[in-house]
Amino acid sequence: MPLLNKDKMMNGFEKVVDGVNNAADKAGRYAKEKELDKKIDQMAHSLEEGVKDIGKSFKETFSGK
């Protein structure tokens, strides 16, 4: 008698895969509903502008202007 029951293992793996797929679907719906992609783009743009401003400030400070 084998230590592992193949049918029970496969059933368990199927349940795990189903759970992961359901979680991924929920996460996708949430992201779409909350328009997270647009918010992330806006944050990235704001961060980029902030970094540019800091770079200009450093340049002015250290170039003596």
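The values are calculated or read from the model by the stated rules, or taken from the named source; none is laboratory data. In this text, all values refer to a predicted model and were calculated from it rather than measured experimentally. The protein model used for the area step is the full one, side chains on, heavy atoms only, and it has no ligands, DNA or RNA in it. Shrake-Rupley method; radii C 1.70, N 1.55, O 1.52, S 1.80 Å.
Note on ILE40: accessible area approximately 100 square angstrom, rounded to 10, probe 1.4 Å, nucleic acids and ligands left out. Give me the base-10 log of I(q)/I(0) for the chain at each q in 0.19, 0.25 Å⁻¹, Debye formula, one uniform scatterer per Cα, rounded to two decimals. Rounded to two decimals, the profile gives -0.83, -0.99.
For the chain, report the accessible area per residue in Å² (1.4 Å probe, heavy atoms, rounded to an integer).
In whole numbers, the chain has 99 Å² accessible per residue.
Once the Cα atoms are used to define both axes, helix 6-33 deviates from the longest principal axis of the chain by about 30 degrees. For the chain, carbon and sulfur atoms together expose 61% of the accessible surface, with a 1.4 angstrom probe and every protein chain in place.
Return one number: the angle in degrees, 0 to 90 and rounded to the nearest 10, between the long axis of the Cα atoms of helix 36-63 and the longest principal axis of the Cα atoms of the chain. It is inclined by approximately 30 degrees. Cross-link partners of LYS52 among lysines, defined as those whose alpha carbon lies under 18 angstrom from its own and excluding same-chain residues fewer than eight positions apart: LYS65.
In summary, the lysines within cross-link reach of LYS6, defined as a Cα separation below 25 angstrom excluding same-chain residues under 8 places away, comprise LYS15.
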